[in-house]
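Undergrad: Can you keep this structure in mind? I'll have questions shortly.
Values in this text are rule-based calculations from the coordinates and carry no lab data. Keep in mind it's a predicted model, so treat the numbers as computed, not measured. Cβ sites come from the backbone with ideal geometry, for glycine too, and all protein chains shown count toward neighbours.
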Amino acid sequence: MNIQRLPFLLVSFLFVACGSSVVVEGGNESAHHGGGGSGQGVEPVVSQSPAVALTRAQNDILWEEYWSTHDPSGSVSVGGGGNLNPNDLFLRLSDLGASCQSPTTELSCGGHWQLTLVLPPSLQQVGVYDLEDPELVAYSSMTETGELNSPAPDDCPWGGGSTGPGTLEIISIDDTEVHFNVQFAGGGFWETDPSGEYTAPRCPSDP
């Protein structure tokens, strides 16, 4: 499968030392700024919740559908690498809500964020995990926008990258939902802070 790699702006308030970048691999989350639609009509209304949980296989399908209706100009397609596990679990959350009908949340300017934590099967159990664990950091990502620089609705700094230091606690997990607590360490890379306790309903097999 081709993967999409979106350019993003490396702004000073986001990347102070990490030099990280977000790669959308196998349907992983992008550092995608709002307003990237193709202009082919009004987007359908979708059900939103603070967080959702879905497998990599489900997320891949959503990305294929997304790129069939959105303009990929400015992005590049590169060959996939490695054996991606379709059973990896994506925990997607945003202050603007997450949906089982879309692989990403379109972030508007104004200090909004989107966090995606990707758990391999070995971490899909109750426990506390380091956000910088190689198994967790491999495909996880954070995206945020800054405040407006002018009256133009898209004129703001934005960017994405690795989550940085912190912890993820899986409080409970079953076939219907994942209850978890994420805590970002102080003094990290980000202006916004998604720290908190969430319950992510699992997306149905046919999102």
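Undergrad: Using only Cα atoms, what is the ratio of the radius of gyration of segment 155-207 to 2.2 N^0.38 Å?
TA: Scaled against compact globular proteins, the figure is 1.44.
Undergrad: Please list, by residue number, every one of the GluC sites (Glu not before Pro) in segment 84-160 that is coil in DSSP and has at most 13 other beta-carbon atoms within 10 Å.
TA: Sparse-neighbourhood loop GluC sites (Glu not before Pro): Glu147.
Undergrad: Assuming R0 = 22 Å, can you tell me the calculated FRET efficiency for the pair Val126 and Asn87, based on Cβ-Cβ distance, to the nearest 0.05?
TA: Step by step, r from the Cβ atoms, then E = 0.80.
Undergrad: Something else about it: Want the number for Thr167 to Ser68: 0.36 nm per residue separation, take away the alpha-carbon distance, what's left?
TA: Residue separation times 0.36 nm, minus the Cα-Cα distance, leaves 32.1 nm.
Undergrad: Using 0.36 nm per residue, how much length does the chain from Ala152 to Asp174 gain when fully extended, once their Cα-Cα distance is taken away?
TA: 3.5 nm
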